[in-house]
Amino acid sequence: MDSDVKLLKKYLKNKNRISHSVSTAEYMRSFATFYSIDKNNAYFCGLYHDIGKELSGDEILAYVDTFNNRGIFSIDYLDFKKKYPSLLHGVASAEILISEIGLSDKDIITAICSHTLGARGLSRLSKYTFMMDFCEPLRRHEDSVKVFKILTSDKNFDRAYLMTYHYQLKELLDNYKEICLETVEGYNEAKMISCP
Ligand SMILES: [Fe+2]
Ligand SMILES: [Fe+2]
């Protein structure tokens, strides 16, 4: 486990971000079995989802180019995301893990790539990473607390997934920010699964 954190600390220097990563990993592992998700994969996604978060915009775009050239899958709405490179820090994180430790599990790669924006058609591991990143208790925001309760006390996976989109979209609208269509597509799909 120490070697896991050592790799994380090679790329992350901010103590709060490291704590967030470890907290996300531990909570993902804690509830993984209940949700029929492999607990080791859950821990891995939680620990490393933000490993590329402290790269500069240009560095992120360089990692994204390398990832794209691998042909694992195409990144939707890439031109939009390139306008805001931080939206691609999940893809950069996946590329770091591929180059550093040979990560090849496509489900894990997708979960790490999609943790920032969500998307439609995600696997259970990807959905779990998306919402646990938003709601792990160190976040402390009132919306995060609500989602954490739905996920861990009410044990309502689909509802927590929908509400993660709801609060993220609300925040973007409240701040007059652009919204990536991938997030809207994820929201619409979650809404159809969990009504209202
Ligand atoms: Fe992130
Ligand atoms: Fe995160």
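Descriptive notes on the structure:
- Hits in the range 128-159 - residues which are of a type in the set (Lys, Arg), touching a residue at least 12 places away in the same chain (Cβ under 8 Å) and closer than 16 Å to Ala32 by Cα: Lys155
- Residues in the range 20-42 that are within 11 Å of ligand 2 (Cβ to nearest atom) and either among the polar types (S, T, N, Q) or not in a helix (DSSP H, G or I) (or both): 3 in all.
- Residues of the range 36-54 that turn out to be crowded, with 17+ Cβ neighbours inside 10 Å and out of contact with any Leu (no Cβ under 9 Å at 6 or more places or on another chain), as a count: 3
- Scanning the range 43-102 for residues that are within 15 Å of ligand 1 (Cβ to nearest atom) and either assigned to a loop (DSSP other than H, G, I, E, B) or hydroxyl-bearing (Ser, Thr, Tyr) (or both) turns up Tyr48, His49, Asp50, Ile51, Gly52, Lys53, Glu54, Leu55, Tyr63, Tyr84, Ser86, Ser93.
- Unique residue being at pLDDT 95 or above, surrounded by 16 or more Cβ atoms within 10 Å (Cβ to Cβ) and in contact with a Lys or Arg (Cβ under 6 Å, 6 or more places away or on another chain) when the list is His89, His166, His115: His89
The values are calculated or read from the model by the stated rules, or taken from the named source; none is laboratory data. Since the model is a prediction, treat every value here as computed from it, not as a measurement. Positions of Cβ are generated from backbone atoms using ideal geometry, with glycine treated the same way; all protein chains shown enter the neighbour counts.
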